[in-house]
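Presented below is the structure to which this report refers.
Coordinate-derived values only; no laboratory data. Here the structure is a predicted model, which means the values were calculated and not measured. Cβ coordinates were reconstructed from backbone atoms using ideal geometry, including for glycine residues, and neighbour counts include every protein chain displayed.
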Amino acid sequence: MSVSTNKKPMNAKKIMEMKGKAPIVCLAAYTTPIAKIADQHCDLILVGDSVGMVLHGLPSTQGVSVEMMVMHGQAVRRGADHALVVVDMPFGSYESSPEQAFETAAYIMKETDCTAIKLEGGAHMAQTIDFLTSRGIPVMAHVGLTPQSVKGIGGYAVQGRGEDHQRVLDDAKAVQDAGAFCVVLEMVTEELANAATALLDIPTIGIGASNQCDGQVLVVDDMLGMFQDFKPKFVKRFAELGIDAQAAIQTYAKDVRSRAFPGADHVYADKK
Ligand code: KIV
């Protein structure tokens, strides 16, 4: 069952056409209730593999499976009529060959009814992006900090400083030339994000990048303030739901122990 927002569904072409016209609002989300809210305000909902860390308590995104992405992709799709739903391809499901990537992407798209997939990597993934896009699969690319390879790049560090600037720009250009309809720039310098946004014809979607990117993405649980122990510089908290949840659950426990809950309003009387 999907909600109706009375807005026409987004597609990859419409996202591309927003470049230079209006900032593209994206949110990484994983559940139907949040997707229903995001669908009213966002252009694109990314079912990110960050779901593994955010909802499943994994130490990194490397343990995320295709089936996890399918389950959360289906949940988000049930809540989204308007926003473009993009599902991440998890670590190990696409890197070994363009054919492997096609099989995974086609499976995810069939099972979730999402419109596009996302994969991480720059120039070295260009051949795969070309293989997918020339077979009708819209691809959102992701360069700069690529969390799936965080062990190989030495941790969650800002990318594109000094001599690294040109490498990340080359990556962004390579994924564009291979056919990606937009590209996430994660944890790169502001200068680099601005340069990439000016250089590319496709939209740049920043996270820890620059307000001059063509769009922005954040993880919904981060921007809602669900975690007290995770506060990266690039996350602005638009709410403090973690603090509210803590207080609510503490009060619930107290009320159960004191038998204040359930009260008269929460119980059923026999029929008179
Ligand atoms: O997995 C994810 O949520 C992402 C975004 C943060 C870009 O890749």
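Considering the chain as a Gaussian network with a 10 Å cut-off on Cα pairs, which listed residue, Val54, Val150, Val168, attains the greatest mean-square fluctuation?
Val150
Can you tell me the mean projection area, over all orientations, of the convex hull of region 93-147's alpha carbons? Units nm², please.
If you wrap the Cα atoms of region 93-147 in a convex hull and average its projections, you get 3.6 nm².
Leaving out same-chain residues fewer than 8 places away, which lysines sit with a Cα under 22 Å from that of Lys173?
Lys173 reaches Lys13, Lys14, Lys19, Lys21, Lys118.
Classify region 173-215 as rounded, prolate or oblate from the Cα gyration tensor: take a ≥ b ≥ c as the square roots of its eigenvalues, call it rounded if a/c is under 1.5, otherwise prolate when a/b beats b/c and oblate if not.
Taking the square roots of the gyration eigenvalues as a ≥ b ≥ c, region 173-215 is prolate.
Just Ile37, Ile249, Ile24 to compare: in a GNM of the chain, with alpha carbon springs under 10 Å, which one fluctuates most?
Ile249
Given springs between every Cα pair under 10 Å in a Gaussian network model of the chain, which of Lys19, Lys236, Lys254 has the largest fluctuation?
Comparing Lys19, Lys236, Lys254 in the GNM, the peak value goes to Lys254.
For region 12-240, I need the span (max minus min coordinate) of the C-alpha atoms along each principal axis, in Å, sorted largest to smallest.
42, 41, 38
Assign one of three labels to region 193-249, namely rounded, prolate or oblate, based on the Cα gyration tensor with a ≥ b ≥ c the square roots of its eigenvalues; rounded applies when a/c is under 1.5, prolate when it is not and a/b is larger than b/c, and oblate otherwise.
prolate
With every atom except the alpha carbons ignored, what do you get for Rg and Dmax of region 1-102, in angstroms?
So, for region 1-102, Rg and Dmax equal 14.4, 41 Å respectively.
Give me the number: length gained by fully extending Gln100 to Lys271, i.e. 0.36 nm times residue separation minus the C-alpha to C-alpha distance, one decimal in nm.
Computed gain between Gln100 and Lys271 is 55.3 nm.
How do His142, His266, His56, His82 rank when sorted from fewest to most other Cβ atoms within 10 Å of their own Cβ?
His266, His56, His82, His142
For a label point 7 Å from the Cα of Ala248 along Cα→C-beta, name the residues of region 24-53 whose backbone N is under 12 Å from it.
No residue qualifies, since no backbone N sits under 12 Å from the label point.
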